[in-house]
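See below for the structure under consideration.
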Amino acid sequence: MGVLKSKYKIHIVGAGVSGLIAATVLEQKGYHPIIIESTDRVGGRVKTDVLNQIPLDHGFQVLLTGYPMVKKYLDLKELQLFYFDPGASIVTDKKKMTIGDPLRKFTFVIPTLLSKIGSLGDKIKIVKLQKKLRKKTIEEIFDSEETTTMEYLKSCGFSEEMIKLFFLPFFSGIFLENELSTSSRMFEFIYKMFGEGYAAIPKDGIGAIPNQLKAKLKNTEFIFNTEVAQVADGHISLKNGETMKSDLTIIATDANALVSNLRGQEILWKGCDTLYFEVEKQDSRFKVIELFANEEAIINSVFSLNDLFEWNNPNHILSVTVVKKHKLTTDDLIKKVTQELNMYLELTKVKFLRNYSIKMALPDIRNVQNMISPEETRLTSRVFLAGDTLLNGSLNGAMQSGELAAMGVINLLEESQDLAQFTSEYI
Ligand SMILES: Cc1cc2nc3c(=O)[nH]c(=O)nc-3n(C[C@H](O)[C@H](O)[C@H](O)COP(=O)(O)OP(=O)(O)OC[C@H]3O[C@@H](n4cnc5c(N)ncnc54)[C@H](O)[C@@H]3O)c2cc1C
């Protein structure tokens with residue numbers, strides 16, 4: 001008996017990037033999925049608020065244009081990206097030094113040569129590392145033996161000073177932890193992506209990414225403000241007590257609380273605070289992130305939205321990220337960050353705008369992966385898993401996981417001898 005593809009009730013729990021990609025892939029194959037999302041909008045951890053026309057991202061994050069999944073699923077032109085220069089400013093005790101890749105931006109030559117960050121040997125090792133990672137494929141990176149990023153950097157022979165002044169603040173801001181205990185696979189992958197593309201933010205903020213994905217979905221139904229309590233074969237129980245029939249379900253979020261007897265372990269999370277300020281500040285020569293390398297500083301990094309987005313306004317909007325764990329109240333955190341902006345960047349006129357405290361920003365996972373087979377995303381006979389927790393904590397990992405789970409569903413339906421068994425009309 002033939003069953004119309006659009007008749008299958010395929011639910012996706014979660015409208016984050018992984019859920020949206022799963023819907024995209026299902027739609028491409030003719031299915032009409034239904035996304036159930038507990039909040040009122042798409043994006044999950046990728047969100048932007050607008051305050052007086054200023055896009056304020058929920059936590060500082062960048063789109064790396066080198067990500068294979070970004071090239072596959074996003075229309076970068078439509079996103080109107082603004083690119084960071086391939087470099088960084090290092091802030092220590094009132095001194096600021098800028099370093100960058102002179103091969104990609106020539107004006108970095110002089111400041112990089114003059115900077116006291118790293119020895120000549122360190123600079124040669126950076127070039128060598130770039131060359132090595134350009135040749136190493138992503139598959140080879142994720143097949144490599146895993147160690148911590150700190151161990152990896154030491155084994156590359158970088159000086160303690162180079163690690164302390166550059167790698168530690170830079171990658172603490174990316175991995176959202178201060179020990180560089182994150183997998184060396186993730187370090188190699190991200191470093192390669194920085195070398196092969198640019199870090200960018202869309203004109204309307206990072207939330208433009210899920211908004212674009214949603215806008216391209218034509219046959220997907222969205223059910224917002226609806227929290228799923230449990231997922232089992234054939235049905236979904238909602239927090240409000242209702243039950244929905246579901247032929248196949250993709251859980252595009254942490255599944256531990258949703259599926260009973262799950263074999264996975266509880267996921268640990270890393271968090272951060274991102275605070276926005278309005279300050280009186282000069283435009284910078286470079287569009288770079290300012291990294292706070294001083295051990296005492298609570299600030300990890302700062303960037304000016306005006307510099308990045310080329311706004312012509314004497315009052316700059318600063319995005320400040322704090323990665324260090326702390327027990328400060330919001331008021332005390334604002335006070336401390338304000339003091340540091342004054343002390344390290346000599347900014348005196350500082351007006352606090354908003355604070356985002358994100359407890360569950362990145363999953364803390366070992367044995368990070370980039371690729372598994374679509375069948376491996378299958379949790380039970382009718383339930384599949386997506387989400388960055390499945391592979392690695394990144395936009396690329398989230399997108400890849402969504403694609404794999406959707407392929408798992410599609411393969412199952414298309415290879416099944418008795419398709420009718422998966423259609424709720426026949427249950
Ligand atoms: C501060 C921060 C900085 C980051 N920096 C970067 C970066 O620079 N580069 C990069 O590549 N990545 C970065 N990331 C990681 C990237 O944002 C994530 O990997 C990605 O967004 C995860 O998407 P997801 O779909 O897997 O999960 P989520 O975005 O968490 O989506 C899950 C969705 O499911 C919904 N949901 C959960 N439970 C239920 C339920 N019971 N019922 C219904 N709905 C439910 C949630 O509301 C959410 O919308 C950063 C993340 C954060 C937070």
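The values are calculated or read from the model by the stated rules, or taken from the named source; none is laboratory data. Please read all numbers here as calculations on a predicted model, not as lab measurements. Reconstructed Cβ throughout: ideal geometry from the backbone, glycine too, with neighbour counts over all protein chains shown. Protein only, heavy atoms only, side chains kept; ligands, DNA and RNA dropped before computing areas. Shrake-Rupley method; radii C 1.70, N 1.55, O 1.52, S 1.80 Å.
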Could you list all residues from the stretch 264-283 that are within 15 Å of the ligand (Cβ to nearest atom) and not polar (S, T, N, Q)? G264, E266, I267, L268, W269, K270, G271, C272, D273, L275, Y276
Enumeration of residues in the stretch 27-57 that are assigned to a loop (DSSP other than H, G, I, E, B) and open to solvent by 50 Å² or more (accessible area, probe 1.4 Å): K29, H32, S38, D40, R41, R45, N52, Q53
Which condition does Q80 not pass, out of (1) within 30 Å of T226 (Cα to Cα); (2) more than 15 Å from the chain's Cα centre (by Cα), if it passes all the others? (1)
Residues of the stretch 366-391 being of a type in the set (D, E, K, R) and either within 15 Å of the ligand (Cβ to nearest atom) or in a strand (DSSP E or B) (or both), in sequence order, are R378, D388
For the stretch 399-420, give me the residue count where each residue is more than 8 Å from the ligand (Cβ to nearest atom) and either of a type in the set (A, V, I, L, M) or crowded, with 19+ Cβ neighbours inside 10 Å (or both). 14
Members of the stretch 222-263 found to be over 22 Å from A406 (Cβ atoms), among the small types (G, A, S) and away from the ligand (no atom under 11 Å from the Cβ), listed by number: G241, S260
Among the residues of the stretch 202-238, count how many are within 30 Å of F309 (Cα to Cα) and touching a residue at least 60 places away in the same chain (Cβ under 8 Å). 15
Filtered residue count, the stretch 87-110, keeping only those that are crowded, with 19+ Cβ neighbours inside 10 Å and modelled with pLDDT under 75: 1
Got a sec? Which of F286, F292 is more than 14 Å from the ligand (Cβ to nearest atom), touching a Gly at 6+ places or on another chain (Cβ under 8 Å) and either hydrophobic (A, V, I, L, M, F, W, C) or touching a residue at least 24 places away in the same chain (Cβ under 8 Å) (or both)? F286
Given (1) within 14 Å of the ligand (Cβ to nearest atom); (2) surrounded by fewer than 20 Cβ atoms within 10 Å (Cβ to Cβ); (3) not assigned by TED's automatic domain parsing to the domain that holds E227, number of the condition M69 does not satisfy: (2)
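Yes or no: T147 of a type in the set (V, I, T) and over 22 Å from C272 (Cα atoms)?
Numbers: of a type in the set (V, I, T): yes; over 22 Å from C272 (Cα atoms): yes.
Spelling it out, T147 is indeed of a type in the set (V, I, T) and over 22 Å from C272 (Cα atoms).
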Apart from one, (1) over 30 Å from K325 (Cβ atoms); (2) surrounded by 17 or more Cβ atoms within 10 Å (Cβ to Cβ) all hold for T243; the odd one out is (2)
So K335, is it without any contact (Cβ under 8 Å) to a residue 12 or more places away in the chain and either under 30 Å from I298 (Cα atoms) or within 13 Å of the ligand (Cβ to nearest atom) (or both): yes
Looking at the structure I just gave you, is E146 outside any helix (DSSP H, G or I), within 22 Å of T182 (Cα to Cα) and touching a residue at least 60 places away in the same chain (Cβ under 8 Å)? yes
In the stretch 1-26, which residue that is in contact with a helix residue (DSSP H, G or I) (Cβ under 6 Å, 6 or more places away or on another chain) and open to solvent by 20 Å² or more (accessible area, probe 1.4 Å) is farthest from the ligand (Cβ to nearest atom)? M1
Every listed condition ((1) surrounded by 17 or more Cβ atoms within 10 Å (Cβ to Cβ); (2) away from the ligand (no atom under 13 Å from the Cβ)) holds for F189 save (2)
Among N396, N355, which is near the ligand (Cβ under 10 Å from one of its atoms) and outside the structural domain of F175 (by TED's automatic domain parsing)? N396
